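Asks: Sharing a structure here in structure tokens format.
The values are calculated or read from the model by the stated rules, or taken from the named source; none is laboratory data. Computed from a predicted model, the values in this text were never measured in an experiment. With ideal geometry, Cβ positions are generated from the backbone for all residues, glycine too; neighbour counts draw on all protein chains shown.
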Amino acid sequence: MRHLLSTRDLSLDDALLVLDTAEYMATVADRSVKKLPTLRGRTVVNLFFEDSTRTRTSFELAAKRLSADVINFSVRGSSVSKGESLKDTAQTLEAMGADAVVCRHPASGAPHRLAAWVRGSVLNAGDGIHEHPTQALLDAFTIRRRLGRIEGLSVTIVGDVLHSRVARSNVWLLSTLGAAVTVVAPPTLVPVGVEQWPVTVSYDLDAVLPGSDVVMMLRVQRERMTAAFFPTEREYARRYGLDADRLAAMPLSALVMHPGPMVRGMEIASDVADSTRSTVVEQVANGVSVRMAVLYLLLGGTREVP
Ligand code: CP
């Protein structure tokens with residue numbers, strides 16, 4: 001595998017290899033080994049055309065922990081503001097020796113285009129409403145660490161499914177890993193064509209919570225929607241928000257997940273987000289191990305766990 005563009009491209013063996021390699025990376029970190037020499041002499045470029053806190057920072061940390069050089073390319077202050085195209089930008093960075101380009105872009109499919117233009121590896125760090133594969137991999141890693149398995153679990157993904165690249169990547173990956181996925185959303189935030197996805201669709205959160213092993217809340221992406229899509233905040237919270245009463249309706253062992261950033265008080269209540277059942281902070285920490293694994297495997301690791 002040269003690129004990581006979509007979790008749909010991952011076979012069960014591919015997905016398990018990433019998760020097992022990430023486990024190794026986490027173990028190394030737990031032993032206080034700060035750096036591995038694996039990618040010494042390699043260069044990773046973070047090419048972000050959209051804002052990010054978690055993904056950009058953790059890709060940078062992951063690359064540095066593997067001893068790679070990292071260039072953080074910021075669109076603001078670059079020649080993109082003068083109209084330079086994605087292709088010219090990427091080829092300019094490659095001419096300077098980039099071995100991998102980590103790309104976040106508002107246009108769905110942009111990293112796929114990029115992969116056709118550059119010789120190095122392209123890692124999709126979130127493209128429009130399409131996919132966010134490393135988020136799904138770190139979510140799967142978090143579930144497996146907490147619950148010991150993924151196969152046979154019932155995972156419920158709740159909220160703005162229409163605009164969520166996190167939901168799409170998780171649906172494909174978790175299905176490959178053997179979970180049963182249900183998506184719950186207001187009717188206006190369910191994507192056209194969802195019947196082609198390997199999921200059950202529900203509009204009734206209260207009906208599915210008692211049977212869920214994992215409840216993954218999504219951010220409501222107001223920046224991607226017009227008013228017509230959206231119920232009032234109060235109405236949304238009442239029907240689709242995860243509050244203490246709904247947490248109590250879930251099995252005691254069930255996890256609450258959120259990829260962040262969270263809109264507290266609407267999609268998730270603060271006491272739920274901060275509860276011991278929530279994996280929000282763990283997900284962020286696990287993101288570093290998972291991104292180390294992906295960089296390692298794409299940039300010259302063997303097919304074996306090191
Ligand atoms: N979950 C996620 O992609 O967060 P950022 O937008 O902060 O990278």
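Asks: Is there a residue in the stretch 90-100 that is of a type outside the set (S, T, N, Q), within 16 Å of Ser58 (Cβ to Cβ) and touching a residue at least 60 places away in the same chain (Cβ under 8 Å)?
Replies: Yes: the stretch 90-100 contains one or more residues that are of a type outside the set (S, T, N, Q), within 16 Å of Ser58 (Cβ to Cβ) and touching a residue at least 60 places away in the same chain (Cβ under 8 Å).
Asks: Being among the β-branched types (Val, Ile, Thr) and either within 14 Å of the ligand (Cβ to nearest atom) or on the phi > 0 side of the Ramachandran plot (or both) is the filter here; which residues of the stretch 142-156 pass it?
Replies: Answer for the stretch 142-156, where residues must be among the β-branched types (Val, Ile, Thr) and either within 14 Å of the ligand (Cβ to nearest atom) or on the phi > 0 side of the Ramachandran plot (or both): just Thr142.
Asks: Would you confirm, using the coordinates I've provided, whether Glu50 is away from the ligand (no atom under 16 Å from the Cβ) and acidic (Asp, Glu)?
Replies: Answer is no for this residue.
Asks: Scanning for something more than 16 Å from the ligand (Cβ to nearest atom), over 22 Å from the mean Cα position of the chain (by Cα) and more than 22 Å from Thr21 (Cα to Cα), does the stretch 277-299 turn up at least one residue?
Replies: Scanning the stretch 277-299, I find no residue that is more than 16 Å from the ligand (Cβ to nearest atom), over 22 Å from the mean Cα position of the chain (by Cα) and more than 22 Å from Thr21 (Cα to Cα), so the answer is no.
Asks: Check the stretch 90-105 and report whether any residue there is at pLDDT 90 or above and part of a helix (DSSP H, G or I).
Replies: no
Asks: So, of the residues in the stretch 140-153 that are of a type in the set (Gly, Ala, Ser) and closer than 12 Å to Leu177 by Cα, which turns out to be nearest to the chain's Cα centre (by Cα)?
Replies: Only one residue tops the list, namely Ala140.
Asks: Still on this structure, please answer the following. For Phe73, all conditions in the list (1) more than 19 Å from the chain's Cα centre (by Cα); (2) in a strand (DSSP E or B); (3) closer than 23 Å to Leu138 by Cα hold save one; what is the number of the exception?
Replies: Going through (1) more than 19 Å from the chain's Cα centre (by Cα); (2) in a strand (DSSP E or B); (3) closer than 23 Å to Leu138 by Cα one by one, Phe73 breaks only (3).
Asks: In the stretch 1-44, which residues are under 23 Å from the mean Cα position of the chain (by Cα) and among the β-branched types (Val, Ile, Thr)?
Replies: Scanning the stretch 1-44 gives Thr7, Val18, Thr21, Thr27, Val28, Thr43, Val44.
Asks: Continuing with the same structure: So Lys87 clears everything in (1) out of contact with any strand residue (DSSP E or B) (no Cβ under 7 Å at 6 or more places or on another chain); (2) more than 21 Å from Phe141 (Cβ to Cβ); (3) in contact (Cβ under 8 Å) with a residue 12 or more places away in the chain; (4) not in a helix (DSSP H, G or I) except one condition, right? Which one?
Replies: (4)
Asks: Could you say whether any residue in the stretch 173-188 is in contact (Cβ under 8 Å) with a residue 24 or more places away in the chain, in a helix (DSSP H, G or I) and within 16 Å of the ligand (Cβ to nearest atom)?
Replies: Yes, that holds for at least one residue.
Asks: Checking the structure you have, find out if any residue of the stretch 225-240 is over 20 Å from Asp139 (Cα atoms) and buried (at least 21 other Cβ atoms within 10 Å of the Cβ).
Replies: Scanning the stretch 225-240 turns up at least one residue that is over 20 Å from Asp139 (Cα atoms) and buried (at least 21 other Cβ atoms within 10 Å of the Cβ).
Asks: Every residue in the stretch 160-206 that is charged (D, E, K, R) and within 23 Å of Pro261 (Cβ to Cβ), please.
Replies: Passing the criteria: Asp160, Arg165, Arg168.
Asks: Which condition number does Val101 fail, the rest of (1) within 20 Å of the chain's Cα centre (by Cα); (2) within 16 Å of the ligand (Cβ to nearest atom); (3) surrounded by 16 or more Cβ atoms within 10 Å (Cβ to Cβ); (4) not assigned by TED's automatic domain parsing to the domain that holds Val161 being met?
Replies: (2)
Asks: Can you name every residue in the stretch 47-84 that is touching a residue at least 60 places away in the same chain (Cβ under 8 Å) and not hydrophobic (A, V, I, L, M, F, W, C)?
Replies: Glu50, Ser52, Thr53, Arg54, Thr55, Arg56, Ser58, Arg65 - these are the residues of the stretch 47-84 that are touching a residue at least 60 places away in the same chain (Cβ under 8 Å) and not hydrophobic (A, V, I, L, M, F, W, C).
Asks: Considering only the stretch 209-301, give the helices (runs of 4 or more DSSP H) lying wholly within it that have at least 3 residues that are under 30 Å from Asp14 (Cα atoms).
Replies: Qualifying helices (runs of 4 or more DSSP H): 280-298.
Asks: Would you say Thr38 is of a type in the set (Val, Ile, Thr), part of a helix (DSSP H, G or I), closer than 18 Å to Leu299 by Cβ and away from the ligand (no atom under 16 Å from the Cβ)?
Replies: no
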